[in-house]
Amino acid sequence: MDLKKSEEVLAEVHRNCEYAIQSISDILPETDDAEVKEELRRQHEEYERISSRASLLAKERAIELKNPNPIKKAMMWSGIKMKAMQNDSRAHIAEMMVQGTVMGITALRTSISEMSDEFADEDVKDLAEELLHTEEGFEKVWKQMIA
């Protein structure tokens, strides 16, 4: 099993979830749209669930997962607040969520593709693929709200 690559993929899953949770927490107070709020809450719960599973896998494998850089989180917060103040419409919030989701999807696809099937930790790979499919579903939801 390629432990180093599995650790990197697990770290990517954790990082991806943490950034999504933070972004959703930042944007939630900026919208009054009930449907958008409900979708944000639903997605927040899903990211929390997957993040918890990543933490459990890390603990079982004695891997230390680092939390995202606080400076980057602060920059994300300010960017989200500025964009939402300029335009808090459903379509604009959905566009912002699509952008973040696409970044997460891209990072996950890259990480998963770099794992060797022969040496991969199957639990880590399965979790990464679950998050990838979850984010692809979220992307579709947000794109429907843009239209």
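The values are calculated or read from the model by the stated rules, or taken from the named source; none is laboratory data. All values reported here derive from a predicted model rather than from experimental measurement. Every residue, glycine among them, receives a Cβ derived from its backbone with ideal geometry; neighbour counts consider all protein chains shown.
Some notes on this structure:
- Residues located in the range 90-120, provided they are at pLDDT below 90 and either in contact with a Cys (Cβ under 7 Å, 6 or more places away or on another chain) or surrounded by 18 or more Cβ atoms within 10 Å (Cβ to Cβ) (or both): Met96, Met115, Ala120
- In this entry, Arg49 is excluded by the filter for residues that are in contact with a Leu (Cβ under 8 Å, 6 or more places away or on another chain) and modelled with pLDDT of 95 or more.
- Residue in the range 73-85 that is closer than 27 Å to Glu7 by Cβ and either among the β-branched types (Val, Ile, Thr) or touching a residue at least 24 places away in the same chain (Cβ under 8 Å) (or both) present: yes
- Identity of the residue in the range 1-16, closer than 15 Å to Asp123 by Cβ and over 19 Å from the mean Cα position of the chain (by Cα), that ends up modelled with the lowest pLDDT: Met1
- Here Ala34 meets each of (1) exposed (fewer than 11 other Cβ atoms within 10 Å of the Cβ); (2) modelled with pLDDT under 90 with one exception, condition (2).
Here's the yes/no breakdown for (1) under 16 Å from the mean Cα position of the chain (by Cα); (2) within 19 Å of Ile21 (Cα to Cα):
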{"residue": "Ser55", "(1), (2)": "yes, yes"}
{"residue": "Gln86", "(1), (2)": "no, no"}
{"residue": "Thr110", "(1), (2)": "yes, no"}
{"residue": "Val141", "(1), (2)": "yes, yes"}
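- Which listed residue, of Ser6, Ser25, is free of Cβ contacts under 8 Å to residues at least 24 places away in the same chain and among the polar types (S, T, N, Q): Ser25
- Reported count of residues in the range 37-61, each being acidic (Asp, Glu) and surrounded by 16 or more Cβ atoms within 10 Å (Cβ to Cβ), is 2.
- The set of residues from the range 92-147 being free of Cβ contacts under 8 Å to residues at least 60 places away in the same chain, among the polar types (S, T, N, Q) and not in a helix (DSSP H, G or I) is empty.
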